[in-house]
Amino acid sequence: MDVIGVEGEAAGVEGAGARVVPVGEWEREPHPSDSLRTFGAFVQALREHAGLSRVDLGARVQYSKHTVESVELGRRMPDEAFVERAEEALGNTGALRKAARHLTRGEAGLAAWFRRWARLEREAVSLCTYECRLVPGLLQSEAYARAVFDNSIPLLTDEQTEAQVTARMERQAMMRERPTVPFGFIVEESVFRRGLGGAQVQANMLDHVLELTAPRNVTLQVVPVELEFHGCLDGPMRILETPEGRRLGYSEGQQNGRLISDAKEMSLLCRRYDTLRSQALNPKESRDLLERLRGEL
């Protein structure tokens, strides 16, 4: 059976045990939430009533045509600036401001098979991530995320890229919205040295990571390139704890991804993660390393 996995940030597996996800499930267009779809239709109706194209409205609200399109199709959560400017551009009746109060992020922009893991993340009482390929999605800057999706094979359309970047940034909001939830990250030094997107993107990414990992509930440890021992040579992993105290994991390789709930397998993943945590640089040393790398750019 063909399977697919995307950048360590896409999984959505129902049921117990582990299951790979068929390509067909990933390829289905993600469904916008009802509130986003309704708000988008409202914006589109007001825009058309005013005789404006998406390009025209984009110029008035100072956003791109693609952003206007994403909002109208329910794929993007409009920020406060968009709502205020669109309100003024489309009659200033107060209708858009009132409608915006009922918006919820939902799961717009998330592939159907990733939604299960995304829901688990939002409810988790702790989250641990080990990554050896690229900066974890929860720590990516917008420019870095865009560079990731620009490197997708097959190539994404501008609209698809916009939807993916928006979904990633909205998902990342939980880092700031949940200040009492422990977030742990172990990342290979080589990931931060890779110049994905160019020097400016790399510099922006390092600044962003340093900012997001500054709060006391977020721990970042870097695995130095000269490390002689390594507890996670089998690849990246994610581990979360549910409010009921159950541990679940997500593992991904080339062209496959799966949710893991088997107790014995989770025990093994936790041991591997704990071993690597003891081998990696401590949080202060890790932060010092990133600051040195930033200074070299």
State the number of residues belonging to segment 33-84 that are among the aromatic types (Phe, Trp, Tyr) and farther than 21 Å from Arg168 by Cβ. 1
Of the residues that make up segment 174-191, is at least one of a type in the set (Asp, Glu), touching a strand residue (DSSP E or B) at 6+ places or on another chain (Cβ under 8 Å) and not in a helix (DSSP H, G or I)? yes
It is to be established whether one or more residues within segment 194-216 are open to solvent by 10 Å² or more (accessible area, probe 1.4 Å), in contact with a strand residue (DSSP E or B) (Cβ under 7 Å, 6 or more places away or on another chain) and assigned to a strand (DSSP E or B). no
Condition set modelled with pLDDT under 90, aliphatic (A, V, I, L, M) and assigned to a loop (DSSP other than H, G, I, E, B), scope segment 144-173, selection surrounded by the fewest Cβ atoms within 10 Å (Cβ to Cβ): answer is Ile153
So, in segment 39-63, exactly how many residues are in contact (Cβ under 8 Å) with a residue 24 or more places away in the chain and crowded, with 19+ Cβ neighbours inside 10 Å? 7
When you check Ser141 against the structure, is it in contact (Cβ under 8 Å) with a residue 60 or more places away in the chain, surrounded by 22 or more Cβ atoms within 10 Å (Cβ to Cβ) and among the small types (Gly, Ala, Ser), yes or no? yes
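The values are calculated or read from the model by the stated rules, or taken from the named source; none is laboratory data. This one's a predicted model, so the numbers in the text were calculated from it and none came from an experiment. When we count neighbours, we look across all protein chains shown, and the Cβ atoms used for this are built from the backbone with ideal geometry, even at glycine. Side chains are part of the model used for accessible areas, which takes the heavy atoms of the whole protein and leaves out ligands, DNA and RNA. Shrake-Rupley method; radii C 1.70, N 1.55, O 1.52, S 1.80 Å.
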